[in-house]
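Note sheet for the following structure.
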Amino acid sequence: MQASEVSRAVAAAMAVVSSLGLVADDAVVLHDSNKLTLRLLPCDVLARVAPIADQVARFEIELARRLAESGCPVAALEPRVEPRVHERDGFAITLWTYYEPVSRREVPPADYAKALARLHAGMRTIDVPAPHFTDRVEEAQRLVASRDRTPELADADRELLGGALRSLRRTIGDRGGTGRLLHGEPHPGNLLNTKHGLLFIDLETCCRGPVEFDLAHAPEAVGAHYPDVDQELLRECRILVLAMVTTWRWDRDDQFPDGRRLGTEWLGRIRTALERNALDVQG
């Protein structure tokens, strides 16, 4: 979030919580990117704040509620208030349970895979409209194609990313079919290690596709512990996901810390991965 908006976003979240009868005298910024994640004290509520145009928050709240009711390993909404999107001063604000981390150590791959499999099992019982993963790839393709939105991306790198996105979107889409409901981005940053067990957060990225697309966001060792994985498809999905996140690092409005350096580093990794797997992304 732009620095000029952070103070307004914090004030809006504190005002909403206070209007609901909870005490919020202080706010700790836990994460700041396109959205702001706050821990409000002393009521100990986790608030997610985004520009009001981001109405996917309504979808996220409904999905989180239904998944929690099904016993899925997801973070719960704040139980002391009505589960809905609050709007104030141009921001959409959602309120969640705050979980104190029990360990900063890396989650064992087998445990990670088991939690993700439980999430997928619960998702199979829920029928909700969700975009296909190829829709998200198309968003990245449009970003690569726009020199105005990615002005610092060199021509050779633009060609590399555009070709990788186009080719892998087609081949994975053809093999993955309609697909199942997925988290969309179950990377380690979206997995909490709590006293209640492993819990996934940030459900706004949910989409449909092959399970390998979700596994491509997790550490590489996790794929070896997930049942019935197509390893070739998983390798292709890993390159596709890397191409997508690399594209986002070149967005002129990207606020990811050290994003340009990472974008440059990941371009090299994409070239190496394409050569290692003998994938042709031309044409």
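The values are calculated or read from the model by the stated rules, or taken from the named source; none is laboratory data. The structure presented is a predicted model; accordingly, all values stated were derived computationally and were not measured. Because the Cβ atoms are built from the backbone with ideal geometry, glycine has one as well, and the counts that use them run over all protein chains shown. Accessible surface areas use protein heavy atoms only, side chains included; no ligands, DNA or RNA. Shrake-Rupley method; radii C 1.70, N 1.55, O 1.52, S 1.80 Å.
Assorted remarks:
- Set side by side, the residues V144, V128, V137 differ, and just one is aliphatic (A, V, I, L, M), outside the structural domain of E78 (by the TED database) and farther than 21 Å from R180 by Cα, which is V144.
- Checking E62 against (1) farther than 15 Å from E204 by Cα; (2) in a helix (DSSP H, G or I), the condition it does not meet: (1)
The rows are residues; the columns are (1) in contact with a strand residue (DSSP E or B) (Cβ under 9 Å, 6 or more places away or on another chain); (2) free of Cβ contacts under 8 Å to residues at least 60 places away in the same chain.
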{"position": "L143", "(1), (2)": "no, no"}
{"position": "E152", "(1), (2)": "no, no"}
{"position": "G184", "(1), (2)": "yes, yes"}
{"position": "N193", "(1), (2)": "yes, no"}
{"position": "L203", "(1), (2)": "yes, no"}
{"position": "H217", "(1), (2)": "no, yes"}
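- Any hit, the stretch 124-141, residues being touching a Phe, Trp or Tyr at 6+ places or on another chain (Cβ under 9 Å), in a loop (DSSP other than H, G, I, E, B) and surrounded by fewer than 17 Cβ atoms within 10 Å (Cβ to Cβ): yes
Yes or no, residue by residue, for (1) at pLDDT 95 or above; (2) open to solvent by 10 Å² or more (accessible area, probe 1.4 Å); (3) at positive phi; (4) of a type outside the set (G, A, S):
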residue	(1), (2), (3), (4)
I172	no, no, no, yes
R175	no, yes, no, yes
K195	no, yes, no, yes
E212	yes, yes, no, yes
H217	yes, yes, no, yes
V222	yes, no, no, yes
H225	yes, yes, no, yes
L240	yes, no, no, yes
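- For the stretch 1-54, filtering for residues that are open to solvent by 40 Å² or more (accessible area, probe 1.4 Å) and assigned to a strand (DSSP E or B) leaves 11.
- Residue that is under 22 Å from the mean Cα position of the chain (by Cα) and under 19 Å from E185 (Cα atoms), where the choices are E106, E69, E78: E106
- The strands (runs of 3 or more DSSP E) found entirely in the stretch 179-274 that carry 2 or more residues being touching a Phe, Trp or Tyr at 6+ places or on another chain (Cβ under 6 Å) are 191-194, 207-209.
- Filter pass, A68 being surrounded by fewer than 21 Cβ atoms within 10 Å (Cβ to Cβ), assigned by the TED database to the domain that holds A12 and either small (G, A, S) or assigned to a strand (DSSP E or B) (or both): yes
- Unmet criterion (only one of (1) in a loop (DSSP other than H, G, I, E, B); (2) open to solvent by 60 Å² or more (accessible area, probe 1.4 Å); (3) closer than 19 Å to L20 by Cβ) for E87: (1)
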